[in-house]
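The values are calculated or read from the model by the stated rules, or taken from the named source; none is laboratory data. Since the structure is predicted, the reported quantities are computational estimates derived from the model, not experimental observations. Using ideal geometry, Cβ is built from the backbone for each residue, glycine included, and neighbour counts are taken over all protein chains shown. Areas reflect the complete protein model, heavy atoms only, side chains present, ligands, DNA and RNA absent. Shrake-Rupley method; radii C 1.70, N 1.55, O 1.52, S 1.80 Å.
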Amino acid sequence: MTLLLLVDLDGVVYRGTEPVPGVAAVLADRVARGDDVVYVTNNSMHYRADYVVRLATMGAPVSQDRVVSSARATALYVRDHEAGIRRVLVLGASGLERELRDVGLDVVTAGQVATRMSQEGLDGWAAAGHPDAVVTGLDPNLTYLRLAAASDCIRAGARFIATNRDPVYPTERGLRPGAGSIAAAVEAATGVVPLSIGKPAPHLLESAAEAVGRAADDAIMIGDGIETDLAAARAVGARCIFMLTGVTTRAVVEALPASDAPDAIAADASELAAAIDRLAADPGAQR
């Protein structure tokens, strides 16, 4: 039986701008054996095609339909499960805007709305043209009026959807506020809790599995986050290989209760390859 590998990006395939040694080759080998590899990331800023060149340059097997970001999963969720949503106010980056437009939604950006609010003296609801939903992601150009625009629309009745609730975002210069920080600000201003699509919620992994016609509970999640990757795998009933190539130590992972422990731990590419082989040979195998 072929495997479905759902693979996190930052901390697993690469760290910042540098590839994690050997991981791309392991994934290429699995694809050569007939397995499905789909990349899953909570990052909502980039369009999925933006990842293709980067991953291909590292030697990883990739095509545009095998990259499912929280932005892409949010767009698919709205298209497939929110029939009443047609017009969307986006508080996020250009990648999120493009993903939402790709599924046929009428998108207005918080930047455009903030400009109208400032120039025409309108509130956010009127300036946005009465959108059906507000979708928040990571907006590197966040301003007070953009927050106000989103908050006005939600208070007026627009559906509130967040790409993810990650409080911080890792960069080469250290941690920066993440999409979850922006969602939290809007939540504080409105009193409305958003529907969150990205990990640890199940929707991102479900969308990734559906991209290749598979069920999420058939998957092996390969990730480096306890509160994101491991928790999302548990949420959909998938197995998980926990990579120590991110910031989490082996001691921390091994201290987890047995009910929360991953099915395998890998410190590098060779251990990852062995773990995949072990789980492929025995669906009930534990580390």
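I need the full set of residues from segment 1-36 which are in contact with a strand residue (DSSP E or B) (Cβ under 9 Å, 6 or more places away or on another chain) and in a loop (DSSP other than H, G, I, E, B), in order please.
2, 3, 8, 9, 11, 12, 13, 16, 20, 35
Only one of (1) surrounded by fewer than 21 Cβ atoms within 10 Å (Cβ to Cβ); (2) more than 16 Å from the chain's Cα centre (by Cα); (3) not hydroxyl-bearing (Ser, Thr, Tyr) fails for residue 62. Which number is that?
Here residue 62 meets the rest and fails (1).
Could you please give the count of residues in segment 63-103 that are under 30 Å from residue 25 (Cβ atoms) and free of Cβ contacts under 8 Å to residues at least 24 places away in the same chain?
2
Output the residues belonging to segment 155-180 that are in a helix (DSSP H, G or I) and either closer than 17 Å to residue 41 by Cα or in contact (Cβ under 8 Å) with a residue 60 or more places away in the chain (or both).
Listed by number, the residues that qualify are 179, 180.
Restricting to segment 68-88, give me the number of residues that are β-branched (Val, Ile, Thr) and under 10 Å from the mean Cα position of the chain (by Cα).
Qualifying residue count for the region: 2.
Of everything in segment 160-176 that's touching a helix residue (DSSP H, G or I) at 6+ places or on another chain (Cβ under 9 Å) and of a type outside the set (Val, Ile, Thr), which residue is nearest to residue 128 (Cα to Cα)?
Residue satisfying both the conditions and the ranking: 160.
Quickly run through segment 91-149 and pick out the residues that are over 18 Å from the mean Cα position of the chain (by Cα), in a loop (DSSP other than H, G, I, E, B) and surrounded by fewer than 24 Cβ atoms within 10 Å (Cβ to Cβ).
The answer is 104, 105, 121, 122, 123, 129, 130, 132, 141, 142, 143.
Yes or no: residue 212 assigned to a loop (DSSP other than H, G, I, E, B), touching a Phe, Trp or Tyr at 6+ places or on another chain (Cβ under 6 Å), farther than 23 Å from residue 11 by Cα and among the hydrophobic types (A, V, I, L, M, F, W, C)?
Considered against the rule, which asks whether it is assigned to a loop (DSSP other than H, G, I, E, B), touching a Phe, Trp or Tyr at 6+ places or on another chain (Cβ under 6 Å), farther than 23 Å from residue 11 by Cα and among the hydrophobic types (A, V, I, L, M, F, W, C), residue 212 comes out as no.
For segment 64-88, give me the residue count where each residue is in contact with a strand residue (DSSP E or B) (Cβ under 6 Å, 6 or more places away or on another chain), among the hydrophobic types (A, V, I, L, M, F, W, C) and part of a loop (DSSP other than H, G, I, E, B).
Residues meeting the conditions: 1.
With respect to residue 192, is the statement that it is of a type in the set (Val, Ile, Thr), open to solvent by 20 Å² or more (accessible area, probe 1.4 Å) and either at pLDDT 95 or above or under 21 Å from residue 79 (Cα atoms) (or both) true?
The answer is yes for residue 192.
What residue, of 221, 243, is within 22 Å of residue 19 (Cα to Cα) and either over 17 Å from the mean Cα position of the chain (by Cα) or open to solvent by 50 Å² or more (accessible area, probe 1.4 Å) (or both)?
Answer to the check: 243.
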